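The values are calculated or read from the model by the stated rules, or taken from the named source; none is laboratory data. Quick caveat: nothing in here was measured; it's all calculated off a predicted structure. Here the Cβ is made from the backbone with ideal geometry for all residues, glycine too, and neighbour counts use every protein chain on show.
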Amino acid sequence: MRTNRAQSKARRIYPHLKDTGQEADGSTPLIERLAQSQSHLSKSRRQLLQAILEDHEETFFLSSRELAERYGVDAATIVRTIQALGYEKFADFSADLRRHFVMQITPYTAMKAAAQTKGSVIDHIHHSIERDLKNLNSLKALLNPDRIVELAKLIYRSQRIVVVGIDFAATLAWPLAYGLMRLGLSAEAPIGSAGHLKHKIRTLTKKDLLIAISFGLGLKETVEAVLLARKQDVPTFGLTDSDTSPIARYCDAYVIAPTTRASFIDSYVAPVAAINAILVACAHMRPHRSLAFLSQSDEEPMLKARWYQDSKGSNGKNR
């Protein structure tokens, strides 16, 4: 209760925080520190922190010296201010500010920040590709293959697999479900209204599996699907971009795939790679079974009619 009152007070002092959509349970570590430090923060330090937070999309990557220059104070003032929040090192504050930025960023703020940088359209294209490569390299460095193997084992133990992805994440949920179906597994990615999704989740049992895909703050329908599944003792697994996201907090296990964007849209290169890894693990965990199901597709009469043929009847070079 004390924390809730402190956070309410923090939002009164920092009014821009009230529009973030984050309640006490979903606040970032930086906001929690602010809430707990109100009693011993001077007015000047509160104003400095408010300015830094209001401009978080432009300040999260700055050093203490660069922050000092931006707000017309000396570097020692910056250090003493972040120490008043309980941080021993500026690097720890910077990490929490970066996490706060990632959790707060919207397509508009991302596009606004990108539009303010100098460069041509071609420069933005190159930056987008570079961002994708960094996300992919981060996935490679952070991914625990054993967690993918454990998920594959769980998938084979499950009678039904429901993959939940809303909005853009639906472009990830459907390929994962389809890939599992190609391997002979009972998987689906429900579409339709929130009511349809809830009714689908209510039919699941502890012998089934829910895979939830959502990033950042987590879309309401996806998080509620996880909570409903947990209430019914349904095993849950998440694909998300932060270990502090609601998907990571509420799922039994999860995989982190960075989605840091270069412009208005999340980068889904790393999540796609993670999904590919899941499907590869499932296929090679029981290769004979996988080959048996895949061979059935090869034997279908309509297979040859699936691909384009030119007027001479030869297959095109590219498929």
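Observations
- Test for Ala212: is it out of contact with any His (no Cβ under 7 Å at 6 or more places or on another chain), surrounded by 15 or more Cβ atoms within 10 Å (Cβ to Cβ), of a type in the set (Gly, Ala, Ser) and within 30 Å of Ser297 (Cβ to Cβ): yes
- For the residues Val234, Val269, the requirement of being over 30 Å from Ser128 (Cβ atoms), β-branched (Val, Ile, Thr) and either touching an Asp or Glu at 6+ places or on another chain (Cβ under 7 Å) or surrounded by fewer than 17 Cβ atoms within 10 Å (Cβ to Cβ) (or both) singles out Val234.
- Applying the set (1) at pLDDT 80 or above; (2) within 24 Å of the chain's Cα centre (by Cα); (3) not basic (Lys, Arg) to Phe101 leaves exactly one unmet item: (1).
- Against the conditions (1) part of a loop (DSSP other than H, G, I, E, B); (2) under 17 Å from Asp241 (Cα atoms), Lys118 satisfies every one except (2).
- The residue list Thr3, Thr28 contains one member that is crowded, with 17+ Cβ neighbours inside 10 Å, at pLDDT below 90 and not hydrophobic (A, V, I, L, M, F, W, C), which is Thr28.
- Test for Ala270: is it in contact (Cβ under 8 Å) with a residue 40 or more places away in the chain, closer than 17 Å to Lys153 by Cα, assigned to a helix (DSSP H, G or I) and among the small types (Gly, Ala, Ser): no
- Residues of region 132-178 that are assigned to a helix (DSSP H, G or I) and charged (D, E, K, R): Asp132, Lys134, Lys140, Asp146, Arg147, Glu150, Lys153, Arg157, Asp167.
- Some residue of region 256-267 being within 29 Å of the chain's Cα centre (by Cα), of a type in the set (Asp, Glu) and at pLDDT 90 or above: no
- Elements of type strands (runs of 3 or more DSSP E) contained in region 179-262, each with 3 or more residues being out of contact with any Gly (no Cβ under 7 Å at 6 or more places or on another chain), within 28 Å of Pro107 (Cβ to Cβ) and not β-branched (Val, Ile, Thr): 236-240
- Any hit, region 115-128, residues being assigned by TED's automatic domain parsing to the domain that holds Thr259, farther than 30 Å from Ile31 by Cα and among the small types (Gly, Ala, Ser): no
- Across region 84-94, the qualifying residues are those that are part of a helix (DSSP H, G or I) and touching a helix residue (DSSP H, G or I) at 6+ places or on another chain (Cβ under 9 Å), and the one among them that is surrounded by the most Cβ atoms within 10 Å (Cβ to Cβ) is Phe93.
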